[in-house]
Every structure is written in C-alpha cells, then in structure tokens.
Amino acid sequence: MDISSLLTEDNLQDLMERYRSFGPLPGILLTFLKSFIPPLPTLVIVGVNAAVYGLWLGFFYSWLGLMLGCTATFL
C-alpha cells in the first residue's frame, strides 16, 4: 500500500471525524508533524482542519500546530 494513497483529503477528513472527541488535539498534532515530515500536504491538512473544526478555529489550530512544530524543530 502506497503512503500517498493514504493521504487523500477524504481519508484525512475521515480520520479527523473519527478522533474529533479528542478535541483539537488531532488537528494540532497533524500540523505539528508537518514540521518533521516535510512531504505531508500542508494545504490538505489545513483544509481538513477548517472543514472539521470550522473556518477560524481550524486555521487557528493549524497555525498553532505549525508554530509549535517549527519551534520544536528549531530547538
């Protein structure tokens, strides 16, 4: 199974809906991992966060995860 076939928008949205009970943690964690794994599709992850959590909260969680990941990568 190819990893790129697992990272489709539908699969990511299904994953986020399944773990929505954890609150914003999955959305923040996905964008946090983006800092360590550059080939992850940033636009798809941010779009899925916006679709699952709402436009402003989704963008905020994406921004927060990216900032935390960039800081951790820098340190």
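The values are calculated or read from the model by the stated rules, or taken from the named source; none is laboratory data. Computed from a prediction, not measured in an experiment: that's the story for all the values here. As a convention, Cβ positions derive from the backbone with ideal geometry for all residues, glycine included, and neighbour counts pool all protein chains shown. Heads up: the accessible areas ignore ligands, DNA and RNA and are worked out on the full protein's heavy atoms, side chains in. Shrake-Rupley method; radii C 1.70, N 1.55, O 1.52, S 1.80 Å.
General observations
- Taken per residue, the accessible surface of the chain reaches 67 Å², heavy atoms only and a 1.4 Å probe.
- As a rough guide to protection, the peptides 30-36, 45-51 ranked by mean Cβ packing within 10 Å, highest first, stand as 45-51, 30-36.
- Cα-centred dipole magnitude for the chain, charges only on beta-carbon of K, R (+1) and D, E (-1), debye, nearest 20: 260 debye
- Gaussian network model of the chain, Cα within-10 Å springs - most flexible of Tyr19, Tyr61, Tyr53: Tyr19
- Using a simple spin-label model with pseudo-atoms 7 Å out from Cα toward Cβ, Thr42 and Asn11 lie 2.2 nm apart.
- To put it simply, the accessible area of the chain at a 1.4 Å probe is 72 percent carbon and sulfur.
- In the chain, helices alone account for a calculated mean residue ellipticity at 222 nm of -22500 deg cm²/dmol, with every DSSP H run of four or more residues adding -39,500 (n - 2.57).
- Each residue, Leu29 and Ala72, gets one label point 7 Å from its Cα in the Cβ direction; the gap between the two is 1.1 nm.
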